[in-house]
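Quick notes on the structure that follows.
The values are calculated or read from the model by the stated rules, or taken from the named source; none is laboratory data. This structure is a prediction, so every number in the text was calculated from the model and none was measured. Cβ coordinates were reconstructed from backbone atoms using ideal geometry, including for glycine residues, and neighbour counts include every protein chain displayed. The area values use the complete protein model at the heavy-atom level, side chains included, leaving out ligands, DNA and RNA. Shrake-Rupley method; radii C 1.70, N 1.55, O 1.52, S 1.80 Å.
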Amino acid sequence: MVAKTGSHYEVIVIGAGVAGIYQIKRLVDLGMNATVIEAASGLGGTWYSNRYPGARFDSESYTYGYSFSKELLDEWHWKEHFSAQPENLRYLNHVADKFDLRRHMQFNCRVEAAHFDEAENIWRLQINDGRTLTCRFLVMGLGLLSIPTLPRLEGMESFKGRSFHTFHWPHEKLDLSDKKVAIIGTGATGIQVIGEIADKVGHLTVFQRRPNWSAPLNNGPISEKEMAAIRADYDEIFATCARTPGGFVHEPDRRGFYEVPREERVALWDRLYRTPGFAIWLANFREIFMDEKANAEFSEYIADRIRQRVKDPKVAEKLIPKDHGFGVQRVPMETNYFEAYNRDNVELVDISETPLVRVTETGLRTSERDYDVDIIIYATGFDAITGAYDRIDIRGIGGQTLREKWKDGPSTYLGIFIHGFPNLIMPNGPQSGSASTNYPRGIETGVDWCTALLKHIRANGYVRAEATQEAEDQWTRHVNDMYAMMLMRRAKSWFTGYNSNVAGHEEGRFRPMIYNGGAPKYVRRINRVAGNDYEGVTFSGAAPVASAAS
Ligand code: NA7
């Protein structure tokens, strides 16, 4: 028997981000004894930490917010089509306050270890404050991009100025005027930062290893009148998101790429280039994702756009990716990014030609020369998707560690269960529907499904739920097979588990991290599983054991 000492919960949720907030709401509504454990000092996950200038949604704001409460939808006014971090954090705090969720959250608590106790069928969690907490079910709301990674450069500690990863951008206001700033990394984050600070810094030196394809965000304010129209349209907006593969409002152009004459293709692209958000990526022809020739033609269209916007042709060429086509990795959306390079105070250093050698006391050294700066910004990405799992000592049946099980890439059932790790549930795990789509839409689906599962378990008095090996193998194969159709498979990006700064994640080691089948297909699949008595999951406990392989 498990003693109810105040340190035991029916459910513990790790992480108070977008997933954790909604998950605890659903658990509290069910009257479950549940808590959220959060390492940071406040809620919000991504939006708590990423406070760098330019941090904002690439989802339309009104598709990012929660859909579960009409009252919440009616009272919240998104101020911009792609809302920025301060507003996003205010929103998440508003949600927590409105539904009185904060009292179910424990901050500044980092879970260091989670071990499954096979005799009791509970998880034992070691918290960094010395406590041991136990729970029957462990729900992971860890975040896909919550473990920032730094380059492995000699001399990083010796730098006398300020340096930080964008994830750790100082919370207090940082005056950059008159400062010489270096930024390393030109992914989605670097591109947002550069576009935002170029006209606010004394001098900016961008250290680019590989350029990224990027297109205009076309952001703008939302007036009271527009917001009223959005509110009236919410049902349709969410229905569209549910219908589209990416969970966004952008529907793919279902005409065949080659059936549409070239002039019409270009007319579509001209329109999409002016359209807000991911339209340029997701409302495009589907062949862009799968057909090398179609992708090359569209990439060349975007390359010309870059050439038109960047005055120095040599700089323009350096900003055009040569090693991958447009859209084979998540597309960074930009505001004034390419124009930044037309400024006298902005300099591009191509470190594929002159590699970074080390950090010095006064700045950065490439193979060619020294760059003295006051501030170094590392926009160098994340140990994505599985990184947050790897940082916790998670042990399942027989003491098997998850780190070891996933060393060559994740394997899951539906992105929700892991064989050998009973009672551990991931509403937005690796290989689930949310990672590659409009994140909160996938999260709501995942959380709702996991909540229904927990209700089912409770109703039947089960004490243990675990995916079968067979079901996990089948799902992981399915996830893997789907990459075969996608040009994305060969991209060096966090979608395939690439990160040059993490041992074992360097180039060449493909990991099936995300589900590429699209949101509607994923939802149909998990609903079918639930409808078939959770096929592929074995339950045990008070009720007779129900088991079925998928
Ligand atoms: P990304 O997309 O992983 O980008 C990281 C960038 O940092 C990328 O340009 C990397 O170059 C560069 N990088 C990483 N390590 C190094 C080292 N050691 N030296 C030089 N340059 C380096 O992360 P982001 O934070 O920009 O975006 C993550 C997601 O956040 C994004 O997709 C959105 O969904 C939100 P590389 O390409 O590896 O040569």
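Could you order S352, S146, S493 so the one with the most accessible surface comes first? Probe is 1.4 Å. Intermediate results must be reported in sequence, preceding the final value.
On the way: S352 75, S146 35, S493 10 Å².
Final ranking, largest accessible area leading: S352, S146, S493.
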If amide hydrogens are placed 1.01 Å from N in the peptide plane, which non-local residues have theirs closer than 5 Å to the one on I122?
D117
Checking a compactness column here: for the chain, what do you get for Rg(Cα) / (2.2 N^0.38 Å), N being the number of residues?
0.98
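Would you mind estimating how fast segment 375-426 diffuses translationally, via Stokes-Einstein at 25 °C and 0.890 mPa s with the Kirkwood radius over Cα pairs, in µm²/s? Kindly include the intermediate steps, with their values, before the conclusion.
Values: Rh = 12.4 Å.
Answer from the Stokes-Einstein relation: 198 µm²/s.
For segment 451-515, state which trypsin sites (Lys or Arg not before Pro) are in a DSSP loop and have at most 13 other beta carbons lying within 10 Å of their beta carbon.
Values: sites: K455, R458, R464, R477, R489, R490, K492, R509; in loops: K492, R509.
Loop-located and lightly packed - R509.
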Assuming R0 = 35 Å, what is the FRET efficiency of V266 and R490, from their Cβ-Cβ distance, to the nearest 0.05?
0.85
Measuring from the longest principal axis of the C-alpha atoms of the chain, the long axis of helix 262-274 (C-alpha) lies at a number of degrees, nearest 10, equal to 80 degrees
Any idea how far apart E251 and E470 come out in nm if each label point goes 7 Å out from Cα toward Cβ?
4.0 nm
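How large is the Rg to Rh ratio of segment 356-446 when both quantities use alpha carbon positions and Rh follows Kirkwood? Display every interim value, and only then the final one.
Numbers: Rg = 19.5 Å, Rh = 16.2 Å.
Ratio of gyration radius to Kirkwood radius for segment 356-446: 1.21.
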Positive minus negative residues near T496 (Lys, Arg vs Asp, Glu; Cβ under 11 Å):
+4
Rounded to the nearest Å, what's the spacing between the alpha carbon centres of segment 197-245 and segment 403-421? Just the number, please.
33 Å
Count charges around I14 for me, please; just the other residues with Cβ under 10 Å from its Cβ, Lys/Arg as +1, Asp/Glu as -1.
0
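Just to check, using Stokes-Einstein with a Kirkwood Rh over alpha carbon pairs, what's the diffusion coefficient of segment 200-267 at 20 °C and 1.002 mPa s in µm²/s? Let's see the in-between values first.
Numbers: Rh = 16.8 Å.
Stokes-Einstein gives a translational diffusion coefficient of 128 µm²/s.
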Relative contact order as a percentage, the chain, C-alpha pairs under 8 Å and 6+ apart, gives 18 percent
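Which value in deg cm²/dmol, rounded to the nearest 500, describes the helix-derived mean residue ellipticity at 222 nm for the chain, given -39,500 (n - 2.57) per DSSP H run of n ≥ 4 and division by the residue count? Each step should come with its number before you reach the end.
Working: 19 runs with 177 residues, N = 550.
Taken over the chain, the calculation gives -9000 deg cm²/dmol.
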From the C-alpha coordinates alone, can you work out the Kirkwood hydrodynamic radius of segment 170-316, in Å?
18.3 Å
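Dividing the alpha-carbon Rg of segment 248-345 by 2.2 N^0.38 Å yields what? Could the numbers behind the result be given before it?
On the way: Rg = 13.9 Å, N = 98, 2.2 N^0.38 = 12.6 Å.
Compactness ratio reported: 1.11.
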If you keep only loop residues by DSSP, which trypsin sites (Lys or Arg not before Pro) in segment 109-174 have at most 16 other Cβ atoms within 10 Å of their Cβ?
R110, R131, R152, K160, K173
Counting Lys +1, Arg +1, Asp -1, Glu -1, what net charge surrounds A467 among other residues with beta carbon under 13 Å of its beta carbon?
-3
Shape verdict for segment 141-248, please, from the Cα gyration tensor: rounded (a/c under 1.5), prolate (a/b greater than b/c) or oblate.
prolate
Work out how much length D372 to T275 would gain on full extension: take 0.36 nm times their residue separation and subtract the Cα-Cα distance, in nm to one decimal.
30.9 nm
For segment 123-162, convex hull volume per residue from C-alpha positions, Å³:
149 Å³
If I stretch the segment between A242 and E87 completely, what's the gain in nm (0.36 nm per residue apart, minus their alpha carbon distance), one decimal?
53.3 nm
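For the pair R209 and R231, what calculated FRET efficiency results from E = 1/(1 + (r/R0)^6), where r is the Cβ-Cβ distance and R0 = 35 Å, to the nearest 0.05? Let's see the in-between values first.
Working: r = 44 Å, r/R0 = 1.26.
Here the calculated transfer efficiency is 0.20.
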Estimated distance in nm for a label pair at H478 and K314, the labels positioned 7 Å out from Cα along Cα-to-Cβ:
5.4 nm
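Give the ranking of E259, E347 by solvent-accessible surface, highest area first, calculated with a 1.4 Å probe. List each step's numbers first, then the result.
On the way: E259 155, E347 60 Å².
Listed by decreasing accessible area, they come as E259, E347.
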Distance between the C-alpha centers of segment 62-137 and segment 489-543? Whole Å please.
22 Å
For 44-54, 27-37, 63-73, ranked highest to lowest by mean beta-carbon neighbours within 10 Å, the order is 44-54, 27-37, 63-73
Which is farthest toward the positive dipole end of segment 402-549 among G429, Y498, F417, measuring Cα position about the Cα centre, with Cβ charges +1 (Lys, Arg) and -1 (Asp, Glu)?
Y498
Based on DSSP, what percent of beta bridges with both residues in the chain are antiparallel, to the nearest 5?
40 percent
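Which entries in the list K180/K318; K318/K407; K79/K318; K455/K521; K180/K311; K173/K225 go over 28 Å, if you measure between the two C-alpha atoms of each? Can you show the working numbers first?
On the way: K180/K318 22 Å; K318/K407 35 Å; K79/K318 35 Å; K455/K521 24 Å; K180/K311 23 Å; K173/K225 33 Å.
Flagged as over cut-off: K318/K407; K79/K318; K173/K225.
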With a 1.4 Å probe and every protein chain left in place, work out the accessible area per residue of segment 112-199 in Å², rounded to a whole number.
43 Å²
If amide H atoms are built 1.01 Å from N in the plane of the peptide, which residues on other chains or at least 5 residues away come under 5 Å of the amide H of F82?
S61, G220
What base-10 log of the normalised intensity I(q)/I(0) is obtained for segment 300-383 from the Debye formula, alpha carbons as equal point scatterers, at q = 0.13, 0.19, 0.22, 0.23 Å⁻¹?
-0.55, -1.10, -1.29, -1.32
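With a 1.4 Å probe and all protein chains left in place, how much accessible area per residue does segment 424-550 have, in Å²?
Details: 4750 Å² over 127 residues.
Per residue, segment 424-550 has 37 Å² of solvent-accessible surface.
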I need the calculated FRET efficiency for the pair K521 and E157, taking r as the beta carbon distance and R₀ as 51 Å, to the nearest 0.05.
0.60
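Ignoring ligands, DNA and RNA, what percent of the 1.4 Å accessible area of the chain is carbon and sulfur?
The value for the chain is 49 percent carbon and sulfur by accessible area.
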